[in-house]
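The values are calculated or read from the model by the stated rules, or taken from the named source; none is laboratory data. Predicted model only: the values in this text are computed from it and were never measured. Glycine gets a Cβ as well: all are built from the backbone with ideal geometry, and neighbour counts include every protein chain shown. SASA here: full protein model, heavy atoms, side chains in, ligands and nucleic acids out. Shrake-Rupley method; radii C 1.70, N 1.55, O 1.52, S 1.80 Å.
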Amino acid sequence: MAARSYGQYCGVTTAVELIGERWALLIVRDLLVGPRRYTDLKQGLPRIPTNILSTRLKELQEGGVVRRVPLRRGLAYELTPYGRALEPVMLALGRWGFQTMGDPEEGDIVTPDSLTMALRTAFQPDAAVDAEYELHVGEVALRASVRDGALAVAQLAPPAPPVGGRLPDGDADAVIVAGPGIRRLIAGEITPAEAIAQDVLAVVRGDEALLDSFARTFHIASIAVLEKETAS
């Protein structure tokens, strides 16, 4: 049941009534990575008040977007098939927002689930080169495995929730340590060589030449880059 009604008979209106309340889309974003316990969701969204998180989860359950599932100890929340159908919408919305995202504000954080979804949003299967990347941004570490035009992302640090998947085997082909400025590389605003020269990132282990493949595999042109290309 929607938290509020806009009084219009329209599919867009229904969608907004179901997932348009504040924080709802970010809950869906995190659940697209995998099932999460209440505490996992709260940890991934540290600014959400606990009463709002409880309310949003209740509303999403009533709308058929989210359901509770039993764990060996306790309960977790996961998306229903109806909720998982939001994935292409969320990826498209993420690409749209990335184009004008700019640099982070003071206090902005990167979480394992937000970085996972960022990689999935930027993934370009037609340009992807098979490789194993280990990406560190702040305290978050992920393994991005690219094989045959498909992407799989596993959380290495902080420790993944108990409902997470199995950790990958073997060593990564390239271990990349980056700050938020990696956005500029993904946006095409700087080249891999410039990213290294400007201390945006560093390859601390593995083949540095794989940065070129990384930049082609994960790419969303920013509005500034698109306007520059159009002008030329």
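Taking the accessible area of segment 1-137, probe 1.4 Å, and keeping the other protein chains in place, the carbon and sulfur fraction comes to 55%. Running a GNM on the chain with Cα contacts under 10 Å, which residue among D173, D108, D212 ends up with the highest mean-square fluctuation? With Cα springs under 10 Å in the chain, the top fluctuation among D173, D108, D212 is at D108.
Computed about the Cα centre, the dipole magnitude for the chain is approximately 1320 debye when only Lys and Arg (+1) and Asp and Glu (-1) carry charge, each at its Cβ.
For GluC sites (Glu not before Pro), no site in segment 193-232 is both called loop by DSSP and has at most 11 other Cβ atoms within 10 Å.
For segment 1-78, applying the loop criterion from DSSP together with a ceiling of 14 other beta carbons within 10 Å to the chymotrypsin sites (Phe, Trp or Tyr not before Pro) yields Y6, Y9. In the chain, with Lys and Arg counted as +1 and Asp and Glu as -1 at Cβ, which of these residues, V69, I48, G107, has the Cα nearest the positive end of the dipole, that is, farthest along it? The Cα lying farthest towards the positive end belongs to V69.
Once Lys and Arg get +1 and Asp and Glu get -1 on their Cβ, which of V12, I220, A128 lies farthest toward the positive end of the dipole of the chain? Of the listed residues, the answer is V12. Largest mean-square fluctuation among D169, D130, D40, in a Gaussian network model of the chain whose springs join Cα atoms under 10 Å apart, belongs to D169.
Each helix, a run of at least 4 DSSP H residues, gives -39500 (n - 2.57); summed and divided by the residues of the chain, these come to -11000 deg cm²/dmol at 222 nm. Available extension along the chain between L226 and D148 is 25.3 nm, counting 0.36 nm per residue and deducting the alpha carbon span. Whole Å is fine, so just give me how far the alpha carbon centre of segment 49-68 lies from that of segment 183-232. Cα centres, segment 49-68 to segment 183-232: 38 Å.
Exactly which trypsin sites (Lys or Arg not before Pro) in segment 1-42 are in a DSSP loop and have at most 14 other Cβ atoms within 10 Å? Listed in order of number, the matching sites are R4, R22.
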